[in-house]
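Input: a single structure, listed below in structure tokens.
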Amino acid sequence: MNRREMLRLCAAAGVVGFAGERTMARQEPVDATRAVDHLLLGVGDLDSGGTFIDRLTGIRPSFGGSHPGRGTRNALVSLGGHQYLEIIAPDPAQSDYRFQIDVRTLKTPKLVTWAAASPDLDALAAKAKAAGLQVLGPNDGSRARPDGGLLKWKTLGVASSFARDGIDPVPFFIQWAPDSAHPSQDSPKGCELELLEIAHPDPKGLATLLNQLGIDGHVKQADRAVLRATVKTPRGPVYLS
């Protein structure tokens, strides 16, 4: 599966973020931590992922829902403001797996990618295209909530070659529909995102791409791709990577 196909699947079935005041279309780049809509913590089993977060933070994630046609389901924890943590795992009720990152064999939860918020995906798409980047979208998406409600959003993907080691450090971008409540508002509260750090073997190249998308990533040098989040919790600071 190539990057474009993976982005199409992400746009068609993903869980996405909030169209708030944080914007990817500003002249000045936004710090990556502020740009976060949600972090995706991959794991091979949703129940074990929920238990992991519960033991680590003292907050038990709530079931979010399944992603039909994608082969995944999730559980959520608010990270304060309009940000949240999505624990994403295979859905045993689905035989076909099409999520762009394979989390099925993960025994230990791992941050695999993230979503950045944008209030205007059309403007962001135009900006990215003007910079010579290949984009997919904006595309409409939706997911049924456990309470029967419907979440609706738009997503925008940006093609790149920076995904490696089971991690994609380049976010996909999200804009919530005006009539959809952001998951951070009704997910279990008590945690707060304090910092998102990004490392990569090509820090300059990745930082340049993020900057073109309006994100100041402060990418560090490393021998592998790394996403590391510092989260304030009832049990003290927690580090997810």
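Each residue in segment 105-130 was checked for being surrounded by 15 or more Cβ atoms within 10 Å (Cβ to Cβ), farther than 17 Å from residue 196 by Cα and of a type outside the set (S, T, N, Q), and 8 pass.
Entry remark, segment 220-241: residues being under 18 Å from residue 193 (Cβ atoms) and either under 18 Å from the mean Cα position of the chain (by Cα) or of a type in the set (A, V, I, L, M, F, W, C) (or both) number 10 in total. The condition (being charged (D, E, K, R) and under 19 Å from residue 163 (Cβ atoms)) is satisfied by just one residue among 102, 91, 31: 102.
Scanning segment 45-89 for residues that are touching a residue at least 60 places away in the same chain (Cβ under 8 Å) and among the aliphatic types (A, V, I, L, M), which turns out surrounded by the fewest Cβ atoms within 10 Å (Cβ to Cβ)? Ranking the candidates gives 56 first. Scanning segment 191-241 for residues that are out of contact with any Leu (no Cβ under 8 Å at 6 or more places or on another chain) and part of a loop (DSSP other than H, G, I, E, B), we see that the one that is nearest to residue 57 (Cα to Cα) is 234. Being within 18 Å of residue 193 (Cβ to Cβ), part of a loop (DSSP other than H, G, I, E, B) and modelled with pLDDT of 95 or more is not true of residue 87.
Those residues that are over 17 Å from the mean Cα position of the chain (by Cα) and charged (D, E, K, R), I need them from segment 25-62; list them, please. Answer for segment 25-62, where residues must be over 17 Å from the mean Cα position of the chain (by Cα) and charged (D, E, K, R): 26, 28, 45, 47, 54, 55, 60. Can residue 59 be described as under 23 Å from residue 174 (Cα atoms) and not in a helix (DSSP H, G or I)? For residue 59, the condition - under 23 Å from residue 174 (Cα atoms) and not in a helix (DSSP H, G or I) - is not met.
Residues that are surrounded by fewer than 23 Cβ atoms within 10 Å (Cβ to Cβ) and either without any contact (Cβ under 8 Å) to a residue 40 or more places away in the chain or not in a loop (DSSP other than H, G, I, E, B) (or both) within segment 150-160 comprise 150, 151, 152, 154, listed in sequence order. Looking only at segment 109-149, residues that are aliphatic (A, V, I, L, M) and in a helix (DSSP H, G or I) come to 7 in all.
The values are calculated or read from the model by the stated rules, or taken from the named source; none is laboratory data. On a predicted model such as this, the values are computed, not experimentally measured, just so you know. Please note: Cβ atoms are built from the backbone with ideal geometry, for glycine as well, and neighbour counts cover all protein chains shown.
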